[in-house]
Amino acid sequence: HHKGHGMANDILVLAETRENAIPGFVKQGLSLARTLVEASGRVICLVMGPAAGAADRFRYGADRVLLASDPALAGHTAAPAAALAAAAVAKLDPALVLLACSALGRNLAARLSVRLPAPAAMDAIAARRTGEGVIASRSAYGGRFRQDLVLSCPASILCFRINVFPAAERSAEGSVEDFSAELPPAAGRELSFAPLPPGRVDLAEADTVVAGGRGMGGADFSLLEELAGLLGGAVGASRAAVDEGWRPHCDQVGQTGKTVSPTLYLACGISGAVQHLAGMSGARYVVAVNKDPEAPIFSKADYGVIGDLREVLPALIQCLKRQKNA
């Protein structure tokens, strides 16, 4: 069904929007597309939903920016976004469709894969171009193996893990083109995107993450809330803390949760299972607080405090408060 309208070497990046800024993962996707696009191809960015500053996407790697500002896309729901993406693929005939493994991205990749039909490589942690197509790598069996998938047919879908690929800026600008398609209304039972409450920092975008594990105890997460507030960061949790019901799943860092890449990752009462380490491996500095000196987390920590977090954390909070008031 590919009618060959466009250059079959183009890469189409499906870009979600947020009210006030480009999500970090869209910058990562555009930069990834730049590394994969062939000399004869272009990186085309389809901005899905009303976006101020759509032209900023040229700076992160787009050669063309298409803006679809249909009101049906404002709720970040998958049915209208899938219809839009399918129309864009039919019109542009890309070699590859690239999007982030966000909640919407996963939903969208699956719908688009069925609709086109085209193969979808989910949760990619590496990608490279070869003679036979793009090879996407993903982690398998709890990080013990790496699985390579060859994407060689037109409009193959690559859904990449957030905060694994770097974002690079360049000096480029261009004019944004409008793009529209017939969109179905969002179905009543669809998941929609709820904006974060004011003052809350998005875990995936946070520059500082304060995370708690099984060693915390449910009530002690209030210490982490206070600490995150003082540091202007977000609270994360290990799977054990989420399984205990102390934090919602959206706060989970790890293989089956979010991948984070903050400047500072403060791990409190987290032993450091392989799956958790996979989610925080992008952190620049890791500080661990744990009373078990043998905890695996210490092998990944730049700074380690062996002690009871009920004593260590209040002392740290007092210290930060003094600094703030000084």
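General observations
- Taking chymotrypsin sites (Phe, Trp or Tyr not before Pro) across segment 105-171, the ones in a DSSP loop with at most 15 further Cβ atoms lying within 10 angstrom of their Cβ are TYR141.
- The sum of -39500 (n - 2.57) across all DSSP H runs of n ≥ 4, divided by the residue count of the chain, sets its helix-only mean residue ellipticity at 222 nm to -7500 deg cm²/dmol.
- Neighbourhood charge, 12 Å Cβ-Cβ cut-off, centred on ASP70 and excluding it, Lys, Arg +1 and Asp, Glu -1: -2
- Pairs with C-alpha atoms separated by more than 28 Å, drawn from the list LYS27/LYS321; LYS91/LYS258; LYS258/LYS291; LYS27/LYS258; LYS258/LYS324, are LYS27/LYS321; LYS91/LYS258; LYS258/LYS324.
- In this label model, SER40 and TYR141 are separated by 4.1 nm, measuring between points 7 Å along each Cα→Cβ vector.
- Over all other residues within a Cβ to Cβ distance under 15 Å of GLY272, the charged ones net out to +1, with Lys and Arg as +1 and Asp and Glu as -1.
- Along the axis of the charge dipole computed for segment 174-326 (Cβ charges of +1 for Lys and Arg, -1 for Asp and Glu, origin at the Cα centre), the listed residues PRO197, THR256, SER222 are led at the positive end by SER222.
- Loop-resident trypsin sites (Lys or Arg not before Pro) (DSSP state other than H, G, I, E or B) in segment 95-160 with no more than 11 further Cβ atoms inside 10 Å of their Cβ: ARG144.
- Whole-number percent relative contact order across the chain, with pairs defined as alpha carbons under 8 Å at least 6 apart: 15
- GNM top mover of ASP148, ASP178, ASP202 - the chain, alpha-carbon springs below 10 Å: ASP178
- Each Lys or Arg adds one and each Asp or Glu takes one away; over the other residues whose Cβ falls under 12 Å from the Cβ of ALA240, this sums to +1.
- Three-way shape call for segment 75-137 based on the alpha-carbon gyration tensor, with the a/c threshold at 1.5: oblate
- With the simple spin-label model, which puts each label point 7 Å out from Cα in the Cβ direction, the ARG115 to ALA52 separation comes to 2.9 nm.
- Using a Gaussian network model of the chain in which every pair of alpha carbons under 10 angstrom is joined by a spring, one finds that among LEU67, LEU277, LEU316 the greatest mean-square fluctuation is at LEU316.
- Whether segment 265-305 is rounded, prolate or oblate, judged on the alpha carbon gyration tensor where a/c under 1.5 counts as rounded: oblate
- Accessible surface of segment 82-223, 1.4 Å probe, proportion on carbon and sulfur as whole %: 53
- Calculated FRET value between ASP308 and TYR285, using beta carbons and R₀ = 25 Å, to 0.05: 0.65
- Estimated distance in nm for a label pair at ALA315 and ASN9, the labels positioned 7 Å out from Cα along Cα-to-Cβ: 6.1
- Under 20 Å from the LYS91 label point (7 Å along Cα→beta-carbon), backbone N, segment 51-70: 51-58, 62-70
- Whole-number accessible area per residue in Å² for the chain, which is evaluated in the context of all protein chains at 1.4 Å: 47
- Shape call, segment 33-95: gyration tensor on alpha carbons, a/c limit 1.5: oblate
The values are calculated or read from the model by the stated rules, or taken from the named source; none is laboratory data. This one's a predicted model, so the numbers in the text were calculated from it and none came from an experiment. Every residue, glycine among them, receives a Cβ derived from its backbone with ideal geometry; neighbour counts consider all protein chains shown. In case anyone asks, the SASA skips ligands and DNA or RNA and just uses the protein heavy atoms, side chains included. Shrake-Rupley method; radii C 1.70, N 1.55, O 1.52, S 1.80 Å.
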